[in-house]
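Structure record follows, encoded as structure tokens.
The values are calculated or read from the model by the stated rules, or taken from the named source; none is laboratory data. Since the model is a prediction, treat every value here as computed from it, not as a measurement. Quick reminder, even Gly has a Cβ in these numbers, built from the backbone with ideal geometry, and neighbours come from all protein chains shown. With ligands, DNA and RNA removed, areas are computed over all heavy atoms of the protein, side chains included. Shrake-Rupley method; radii C 1.70, N 1.55, O 1.52, S 1.80 Å.
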Amino acid sequence: MKIPYSWLVELLPDLPQTIDNNPYNLEPILAMLGTGVEEIVAFPAPPKGVIFGVVLECIAIPETHLYKLQVDVGLELPKQVVTGASNAKAGVGVAVAPPGTTIQGKLLEERAVHGEISWGMACSPKELEIGDFGGGLLELPVSNAKAGTPLSSLWAADDVLDVEVTPNRADALSVLGVARDLAAKLKLELKLPSLGLESVHDDHFPVQVELDPNKGCDRFVARAIKGVKNQPSPAWLQRRLSLCGMRPISALVDASNYVMLELGQPSAAYDARDLPENKIVVRDALESEKVLGLDGLEYTCSPKDLLVTTLVNGESRVVGIGSMLGAKYSSIQSDTTDVILEVAHWNPVRMRLTGRRLDIATDALYRYERGVDPNLPVWAANRYMEIVLEACGGKVLEGHRDVGGEKPRNVIELRPDFVNEYLGTHFDVAEMKGALERLGFFVQDQSVNISESVTSKTILADSMILPIRGEKPNPDLLNELASLQARLQSELSQIWRVHAPTYRVNMDIPEDLTEEIARVLGYDAIPETLPNMKVNDLTRSTSQAYNRTRELKNALVGLGFQEIVSYSFTNPEEMRIMKLPEPVLELRNAQSSERTHLRPCLIGSLLNAAKTNLHAKNVLLFEVGRVFPLVDLEEERLGALLMGDLAAKSWQAGIAGGFYSFKGLLESMAAKLGDELKVVPIEKHVAQKPECLHPGIAGALEYNQQFVGIIGAVHPSVTAALELPSNIVIAEIRLPLPPRAWSFADPSRQPAAIRDLAIIAPKSIAYSRLEEITKNAAGSYLESVQPFDVFESERIGVGKRSTAITMTWRAQDRTLNDDEVGAAFQNVITAMKNAGLEIRDS
């Protein structure tokens, strides 16, 4: 939110002396109050020489889009100025740059335009560099100033603070809210804005309002004014709106926006001609009811949405969608003379849901969904009427309609010593009370006499310390009990009943009040101490899935991996370049063009991390995160990546990276968890190989004999497109990992029998197939089978390779003899031959 420094000074007259009249000194103060300052921008006054002029006559130049204006600029005779602005007309004030004035780096001079002499230039806000609007002239009321007045005297330079307001601080979404915080922090006098044209509720007020307070609108205030002249707002009002980033439109509209910025209360003004029966009804929308908004868009509403409507000849007409967006019907026009004002309080949750459902984002909704003071509508309505009466004239109707009425303050009990215990501070009780009162809280001391409340406890204690045989009570224990009672009395007597102001909608529990005290007295006053951990018994245990994921991460870190946490956003173009599945979940309000969808897998995030770490000699990363492969499917997965060597070469030989090193790391991870991970041919589980993987270096992963993911080298075209090294291996595994059925057997004390065998097989046959044949044929005493050599040569045939394996047999209760082992070994050879494979002799 943008706040002009001069506006703060108006509410805090002593602020300049306190901060050496330097708005940059507010940055650390507001930060300590929890309201960060994103930037401070200096906005200049209009260029030197620009003056206020009054348009006396406006004549269109034939066969052009231009107009010649006769402008009173404070000289003896009017001056003619030619302009192409579409909003040029007589009877308004404009900003005139005379000859010799420099506008946007150009020196103006008297010149001929289509045969007409133009004395200087009539300027837009953009040309004056005081606003963003460049589609027309800066319009001001004729009565704003005397013709020829320097515009800089009406539109002074200013510094604007762009503050970041957290979602829980709805009260800070106004100049008054920020000024109130500063006043409390710096102990300054707060000069409240005008209370406006005050009025009281009148049952005979001509505007009727119907609503159900339980449906989302629990207060509705209506006021009215007649006979106004809708014209440009005065310079002071336009200047403040422009500095706050809002475009001035007309006095009747600008007054509503001004009150919202000043007090934090949105409002809606309606043309009374469109409410002929003077009746407003707040109701649920009908199913698929259409509403044409002020923005020109048509919205399809449902019964979940609240509408503000009126009756025209007995027919319902929508005038607004829950005050967050006005309807085209009943909007303020240039010729509006009678106005009905609505200022209401809405349920934040219902407003937020409607805004999300209809894709509405307005300044009013931004405040309503965070919570607006329910007791602010009358003040806001009175202030609006005051501004409109000053800017547009007219007659304000007496009284107002108030449906719902004032709301009570929330009362919270607070012990001052709890604040110091919670914060670890030693704040003085008077300081804490003063901090709350300066923020608008009413602190009521509550004395508590515990003599009655502890009577039953005293009797119980006495009965416990009295001997069974009716002897006198132990004097020491009775003295201890009396001391305890006195201490409890002292503590309980220090209880406050704190009445929270209704503009602090986030005040519910003692911890909220504690935070307010800390904000005002200073977070820097909280000492640095070791935290006193108090663990709730209910939170001691964690879920099995959480523990298993934590063990998984620890195993990976122990193997040299580094964990990353990346955004879960991507975009279709990025997925296309990486040859990954197209994302299916598009964000409604994307942060940027690079983050338009939710990611369907983790591989893209890991490759982006690899790009960031291109300078590293070796990169070994993993991430545990959420992915969204289908519209209705969200999964947690593990992604891992190896780029470069596993260990870089130094004075010792390094360890090469690549597929087999990476595979070994994942197998070690599983072993650390007491599980088994195997790489099997990808065709076993995946019908179509992932395009992102190298077609000859890819496999499926089985974890405890269940398919969980894929592994492989990144496709060369992908690494080339991303300008990455070609030796990148990646894996993605679905979580949670399937558990393994545990069993236990005593370690065998018997010796092992070992045999080696070399098998010649086509390269198309994976090692897993050889292992499968071996295990099926070797009998029940086979303990393990491991490859130890791979050999390729023309001697064994083109397209073939020799894989040498070691087989180990062992029995639990005896030593196996040569005949038993030989028979099992021969079974393996026979099985290999039956499968069409050869046995290599040498």
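Residues that are among the hydrophobic types (A, V, I, L, M, F, W, C), open to solvent by 20 Å² or more (accessible area, probe 1.4 Å) and assigned to a loop (DSSP other than H, G, I, E, B) within segment 282-334 comprise L286, L294, L297, I332, listed in sequence order. Taking each residue of segment 63-90 that is at positive phi and looking for partners that are outside any strand (DSSP E or B) with beta-carbon atoms closer than 8 Å, six or more apart or interchain, yields G74/K146; G74/A147; G74/G148; G74/T149.
Can we say L190 is over 17 Å from E342 (Cα atoms) and either at pLDDT 95 or above or assigned to a loop (DSSP other than H, G, I, E, B) (or both)? In short, yes.
Only one entry of L182, L241, L211 meets the criterion of being within 35 Å of the chain's Cα centre (by Cα), without any contact (Cβ under 8 Å) to a residue 60 or more places away in the chain and open to solvent by less than 60 Å² (accessible area, probe 1.4 Å), and that entry is L241.
Can you find a residue in segment 710-730 that is open to solvent by 50 Å² or more (accessible area, probe 1.4 Å), touching a Gly at 6+ places or on another chain (Cβ under 9 Å) and either in the same structural domain as A835 (by TED's automatic domain parsing) or not in a loop (DSSP other than H, G, I, E, B) (or both)? Checked against the condition, which is being open to solvent by 50 Å² or more (accessible area, probe 1.4 Å), touching a Gly at 6+ places or on another chain (Cβ under 9 Å) and either in the same structural domain as A835 (by TED's automatic domain parsing) or not in a loop (DSSP other than H, G, I, E, B) (or both), segment 710-730 yields no hits at all. Scanning segment 145-166 for residues that are buried (at least 20 other Cβ atoms within 10 Å of the Cβ) and farther than 30 Å from R504 by Cβ turns up A145, L151, L154, W155. Here is a check on your reading of the model: is G434 touching a helix residue (DSSP H, G or I) at 6+ places or on another chain (Cβ under 9 Å), more than 22 Å from L173 (Cβ to Cβ) and without any contact (Cβ under 8 Å) to a residue 40 or more places away in the chain? For G434, the condition - touching a helix residue (DSSP H, G or I) at 6+ places or on another chain (Cβ under 9 Å), more than 22 Å from L173 (Cβ to Cβ) and without any contact (Cβ under 8 Å) to a residue 40 or more places away in the chain - is met.
In segment 786-832, which residues are assigned to a helix (DSSP H, G or I) and closer than 14 Å to I765 by Cα? Passing the criteria: only M832. Regarding segment 341-355, can at least one residue be identified that is closer than 22 Å to L292 by Cβ, at pLDDT 95 or above and more than 32 Å from the chain's Cα centre (by Cα)? Yes: one or more hits. Within segment 366-389, the set of residues being in a helix (DSSP H, G or I) and over 17 Å from L263 (Cβ atoms) comprises just one member, L389.
If I filter segment 783-791 for residues that are modelled with pLDDT of 90 or more and touching a Phe, Trp or Tyr at 6+ places or on another chain (Cβ under 7 Å), do I get at least one hit? So far as segment 783-791 goes, yes, one or more of its residues are modelled with pLDDT of 90 or more and touching a Phe, Trp or Tyr at 6+ places or on another chain (Cβ under 7 Å). Just need a number here: residues in segment 792-820 that are open to solvent by 80 Å² or more (accessible area, probe 1.4 Å) and charged (D, E, K, R). Counting residues in segment 792-820 that are open to solvent by 80 Å² or more (accessible area, probe 1.4 Å) and charged (D, E, K, R) gives 7. For segment 667-691, the tally of residues that are among the acidic types (D, E), in a loop (DSSP other than H, G, I, E, B) and either closer than 17 Å to L556 by Cα or more than 40 Å from the chain's Cα centre (by Cα) (or both) stands at 2.
Within segment 351-363, residues that are outside the structural domain of S174 (by TED's automatic domain parsing) reach partners that are in a helix (DSSP H, G or I) with beta carbons closer than 6 Å, at six or more positions or on different chains, in the pairs M351/Y368; G355/L365. For segment 335-375, the set of residues classified as of a type in the set (G, A, S) and open to solvent by 30 Å² or more (accessible area, probe 1.4 Å) consists of A361 only.
Taking segment 14-40 as the range and being open to solvent by less than 50 Å² (accessible area, probe 1.4 Å) and not in a helix (DSSP H, G or I) as the test, the residues that pass are I19, L33, G34, T35, G36, V37, I40.
Whether a residue is assigned to a helix (DSSP H, G or I) and over 28 Å from the mean Cα position of the chain (by Cα) was assessed, and E406 does not pass this test. The residues of segment 41-78 that are modelled with pLDDT under 95 and among the hydroxyl-bearing types (S, T, Y) amount to a single one, T64.
Count of segment 229-281 residues, restricted to those that are part of a strand (DSSP E or B) and in contact with a Gly (Cβ under 9 Å, 6 or more places away or on another chain), is 3.
The residue list A804, A758, A777, A745 contains one member that is touching a residue at least 24 places away in the same chain (Cβ under 8 Å), in contact with a helix residue (DSSP H, G or I) (Cβ under 8 Å, 6 or more places away or on another chain) and not assigned by TED's automatic domain parsing to the domain that holds P690, which is A777. Do you know which of the residues in segment 744-788 that are more than 26 Å from I682 (Cβ to Cβ), surrounded by 12 or more Cβ atoms within 10 Å (Cβ to Cβ) and not aliphatic (A, V, I, L, M) is nearest to the chain's Cα centre (by Cα)? Here the residue is E783. In summary, V312 fulfils each of the numbered conditions (1) modelled with pLDDT of 95 or more; (2) more than 23 Å from Y384 (Cα to Cα) with the single exception of condition (1). Take the conditions surrounded by fewer than 16 Cβ atoms within 10 Å (Cβ to Cβ), under 24 Å from A183 (Cα atoms) and at pLDDT 90 or above and apply them to R497. Does it pass? Against the criterion (surrounded by fewer than 16 Cβ atoms within 10 Å (Cβ to Cβ), under 24 Å from A183 (Cα atoms) and at pLDDT 90 or above), R497 qualifies. Elements of the type strands (runs of 3 or more DSSP E) sitting completely within segment 67-129 and holding at least 2 residues that are over 25 Å from N230 (Cα atoms), open to solvent by 50 Å² or more (accessible area, probe 1.4 Å) and among the basic types (K, R): there are none.
Within segment 41-59, being exposed (fewer than 14 other Cβ atoms within 10 Å of the Cβ) and within 24 Å of S174 (Cβ to Cβ) holds for V41, A42. Return yes when A435 is over 30 Å from D212 (Cα atoms), open to solvent by less than 40 Å² (accessible area, probe 1.4 Å) and modelled with pLDDT under 95 and no when it is not. No; evaluated as a whole, the condition is false for this residue. Cβ-Cβ distances below 6 Å connect the following pairs, each with a first residue in segment 546-562 that is closer than 19 Å to L646 by Cα, a second residue that is open to solvent by less than 60 Å² (accessible area, probe 1.4 Å) and not in a helix (DSSP H, G or I), and a separation of six or more residues or different chains: A555/L673; L556/F622; G560/L620; F561/L620; F561/F622; Q562/L621. The set of residues from segment 192-204 being over 23 Å from V253 (Cα atoms) and either open to solvent by less than 40 Å² (accessible area, probe 1.4 Å) or without any contact (Cβ under 8 Å) to a residue 24 or more places away in the chain (or both) comprises just one member, D203.
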